[in-house]
Amino acid sequence: MLMRHRKMQMLLIILLIVSIALIGCGKNSSAGNDDGKAPSDKITLTIGHFDIDDNGAIFRDALEKFRKENPEINLVEEAVPHDPYRVKMTTLGASGELPDLFVANGSMLLDYIPKGYVGTFNEALDQDAEWKNGFLPNSFDEFTTDGKIYGVPTAMFSVHVIYYNKELFKQAGIASFPQTWEEFTDAILKLKDNGLTPIAMGNKSNVPVGSVLFGTLADRYTGTAWFKAVKEGTAKFTDPEFVDSLKALQKLAEMGAFNPDINSIDGDMARTLYFNKQAAMIVDGAWAVTNISRDAPEDIQKATGLAILPAVPGGKGDPMSVAGGSGWSLAFNSELTGAKKDAAIALIKSVSGQEYGRTKIENNGQPPVKVEEYDQSKLSPLSVDYFELMNDKKFSPIYDIQLSPALVEVIYKGLQDLLIGGVTPEELSKKIQSVRDTMK
């Protein structure tokens with residue numbers, strides 16, 4: 001009798017342990033949208049992105065809204081900061097283990113497309129004319145290969161804007177922003193003589209100088225036709241006009257245009273120098289409009305003017321152009337089919353329509369869609385200035401969007417070395433061309 005009682009106790013204990021384990025498994029598998037539904041009733045989508053700071057709040061809010069409106073979809077975010085994200089996606093591009101949806105720039109897509117990792121949007125766009133026609137002109141250019149669209153743009157903006165303190169310029173005897181390259185270099189020397197860092201930049205990741213400064217500077221010398229020829233293999237990085245652009249950047253560094261620790265600090269630290277009136281200028285993308293409007297002291301906001309690099313002597317490029325475009329897109333894994341693919345398209349539509357565009361522009365962002373009605377009173381004065389500045393500008397290529405990741409890395413790492421005198425313009429141009437030759 002005692003033995004039977006002990007066996008019954010043991011059986012109850014085992015059943016209790018198994019029950020607890022099953023309950024625990026059920027909770028873990030439904031992480032994402034915890035609405036009580038069984039895991040089998042849900043479609044799970046993973047999404048990779050880097051919108052984890054204050055600038056990404058609008059995107060994260062949109063994802064949360066999508067969750068609430070689509071409780072049958074379990075949306076799992078795989079989010080890391082911007083610079084680690086680029087490294088992570090390059091690694092995943094080698095293995096093919098990409099998330100279901102992911103933020104990708106043109107350079108990443110150039111890597112993924114030949115491997116068959118990315119789905120196309122042509123059918124979905126053609127089936128929804130209102131969605132397709134809502135985008136700004138040329139929005140899909142950077143994400144289209146052989147007529148197939150592999151990414152839906154997340155924005156349309158300039159990656160090159162010079163933010164300058166008008167009061168510090170006046171104190172240095174500079175009445176207005178320079179209109180020629182000679183005036184620009186003269187202004188740099190005057191700002192230095194006044195104890196200021198002329199241009200604060202944080203190039204720790206090697207991307208900022210290459211993307212927001214050099215891309216536009218190089219186009220001033222080479223022109224966009226040359227860039228297209230380089231991509232086609234009919235022009236070379238050793239051509240005199242490209243070498244001249246490297247020499248111009250080298251000259252700026254040698255004359256002390258930048259903070260000495262340019263390769264050791266990041267963009268936030270560079271903006272702090274500007275906010276503290278230690279630097280007279282920063283060069284950044286349109287996204288810095290939001291950063292300055294939100295984070296800068298009031299007197300800095302009021303004193304900030306916007307400009308672009310002036311024309312250069314003998315340059316072949318259009319002085320009214322700036323590096324810009326869509327920059328980043330949302331793409332989906334080519335393995336998605338059926339209901340899962342439909343859910344992915346639905347999510348992408350939710351962050352590329354009128355409602356999302358209106359929210360973005362009213363928060364000083366630059367959406368890729370034509371926003372027909374929005375509350376202009378919500379825009380910061382700097383946003384109004386930005387849209388006015390861009391009114392007559394053209395977009396030239398963004399190097400890290402339109403060139404392969406391997407080529408971008410050798411260019412941008414080489415620019416880091418050039419800034420500190422570790423390589424000459426001629427040596428760097430030959431190194432870049434050598435890498436380009438291996439890709440033919």
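Values as computed for the structure displayed
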| item | result |
| --- | --- |
| Residue among LEU389, ILE262, ILE52 farthest towards the positive dipole end of the chain, charges placed on Cβ | ILE52 |
| Per residue Cα convex hull volume in Å³ - calculated over region 390-440 | 105 |
| Potential lengthening between ILE43 and LYS65 on full extension [0.36 nm per residue; Cα-Cα distance subtracted] | 6.3 nm |
| Residue-count net charge about TYR85 - beta-carbon cut-off 10 Å; Lys, Arg +1, Asp, Glu -1 | -1 |
| Whole-percent carbon and sulfur share, accessible surface of the chain, 1.4 Å | 53 |
| Whole-Å semi-axes of the chain's equivalent ellipsoid (Cα gyration tensor) | 46, 25, 23 |
| Calculated Rg and Dmax of region 71-198 using C-alpha coordinates, Å | 22.2, 63 |
| Charged-residue dipole, Cβ positions (Lys, Arg, Asp, Glu), region 176-270 about Cα centre, Debye nearest 20 | 180 |
| Straight-distance crosslink candidates among lysines, where the alpha carbon sits under 20 Å from LYS277 and sequence neighbours closer than 8 are dropped | LYS166, LYS170, LYS190, LYS192, LYS302 |
| Kyte-Doolittle mean at least 0.5, axial Cα span of 24 Å or more - DSSP H helices of the chain | 2-29 |
| Cβ-placed point charges (K, R +1; D, E -1), dipole of region 378-440 about Cα centre in debye, nearest 20 | 200 |
| Options TYR374, LEU273, THR304, ranked by Cα towards positive dipole end of the chain, top entry (Cβ charges) | LEU273 |
| Residue among SER334, ALA288, GLY365 farthest towards the positive dipole end of region 235-387, charges placed on Cβ | SER334 |
| Within-15-Å neighbourhood charge of GLY338 [Cβ basis; K, R +1; D, E -1] | -2 |
| Per residue value of the accessible surface for the chain (all protein chains in place, 1.4 Å probe), Å² | 47 |
| Dipole magnitude of the chain, debye to nearest 20 (Cβ charges: Lys/Arg +1, Asp/Glu -1, about Cα centre) | 1140 |
| Three-way shape call for region 322-440 based on the alpha-carbon gyration tensor, with the a/c threshold at 1.5 | oblate |
| Packing-based ranking, highest mean first, of 422-434, 342-354 given that Cβ atoms within 10 Å are counted | 342-354, 422-434 |
| Zone residues, region 89-112, relative to VAL76, backbone N less than 15 Å from point 7 Å out along Cα-to-Cβ | 97-102 |
| Computed [θ] at 222 nm, helices only, for the chain once each DSSP H run of length n ≥ 4 contributes -39500 (n - 2.57) | -14500 deg cm²/dmol |
| Rounded to 5, the percent of DSSP beta bridges in the chain classed as antiparallel | 55 |
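The values are calculated or read from the model by the stated rules, or taken from the named source; none is laboratory data. The shown structure was predicted, so the numbers you read here are calculated from the model rather than taken from an experiment. Glycine also receives a Cβ, built like all others from the backbone with ideal geometry; neighbour counts cover every protein chain displayed. Areas reflect the complete protein model, heavy atoms only, side chains present, ligands, DNA and RNA absent. Shrake-Rupley method; radii C 1.70, N 1.55, O 1.52, S 1.80 Å.
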